[in-house]
Amino acid sequence: MVVGNIVPQSDNSIQWSVPSAGTHFDDIDEAPATQADYIQATESGGDDNDIDDFNFTTIDPIEEVTQVEIKVNGLIVGTGLDPEIDLYIEGAWKSVSVGWKNCGLTDVRGWHSIVYVGLSSNQASLDALRVRVRGDIPEKAGINTIHTIYCIITYTVAAVGYGHKFLGVPSASIGKVCGVPTANIRKIKGV
């Protein structure tokens, strides 16, 4: 297994009130997180249950994604409750099957992880990955602040080689032939 990071690359739709203008993905796409950049859902902005939805960069090539860990840096202020995260992969929002997941934010700014395991996603599914965050500020003063969101992708790499098999073993998995490393074999019977 290999791991790699992807970050927000564009806004799909934005509803959180802060910042009031410009792109939101630019404010949450850097790690380490900075205090200068953030998005906020506020009660005064009427952001309860409002959603910011982000498209992400990709990793290419992959064979299969087996896990996505969403890393969130932020905090809640006042009586604001924990914002929620949802992942779009394998052609569907995960909230449909497992529900929205809480970010785990508290009144102390810090890093939190939301992990989706047991995935079996291909390249096209990773290329279409999105993350959305829903504000949770019910009818009372409070603020949800997010400084950074990024994803750690656990995946397998496509095998290199010609895609042939010998006695059912992929050619990329054959390390030696008659004790000779395959990297040292240039021809077999003139081929």
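The values are calculated or read from the model by the stated rules, or taken from the named source; none is laboratory data. Computed from a prediction, not measured in an experiment: that's the story for all the values here. Heads up, the Cβs are rebuilt from the backbone with ideal geometry, glycines too, and the neighbour counts pull from every protein chain shown.
Structure data summary
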read-out	value
Val77 being assigned to a strand (DSSP E or B), more than 25 Å from Thr156 (Cα to Cα) and touching a strand residue (DSSP E or B) at 6+ places or on another chain (Cβ under 7 Å)	yes
Number of the exception - Thr106 against (1) in a loop (DSSP other than H, G, I, E, B); (2) over 16 Å from the mean Cα position of the chain (by Cα); (3) touching a residue at least 40 places away in the same chain (Cβ under 8 Å)	(3)
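Residues are listed down the side, and each one gets a yes or a no for (1) farther than 17 Å from Asp136 by Cβ; (2) without any contact (Cβ under 8 Å) to a residue 60 or more places away in the chain; (3) in contact with a helix residue (DSSP H, G or I) (Cβ under 7 Å, 6 or more places away or on another chain); (4) crowded, with 17+ Cβ neighbours inside 10 Å:
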residue: Pro19; (1), (2), (3), (4): yes, yes, yes, no
residue: Asp29; (1), (2), (3), (4): yes, no, no, yes
residue: Ala33; (1), (2), (3), (4): yes, no, no, yes
residue: Ile39; (1), (2), (3), (4): no, no, yes, yes
residue: Asp50; (1), (2), (3), (4): no, no, no, yes
residue: Phe54; (1), (2), (3), (4): yes, no, yes, yes
residue: Pro61; (1), (2), (3), (4): yes, no, yes, no
residue: Glu69; (1), (2), (3), (4): yes, no, no, no
residue: Ile76; (1), (2), (3), (4): no, no, no, yes
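Per-residue answers, yes or no, for (1) at pLDDT 70 or above; (2) of a type outside the set (Gly, Ala, Ser); (3) more than 19 Å from the chain's Cα centre (by Cα):
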residue: Ser120; (1), (2), (3): yes, no, no
residue: Ser125; (1), (2), (3): yes, no, no
residue: Leu129; (1), (2), (3): yes, yes, no
residue: Gly135; (1), (2), (3): yes, no, no
residue: Pro138; (1), (2), (3): yes, yes, yes
residue: His147; (1), (2), (3): yes, yes, no
residue: Phe166; (1), (2), (3): no, yes, yes
residue: Pro170; (1), (2), (3): no, yes, yes
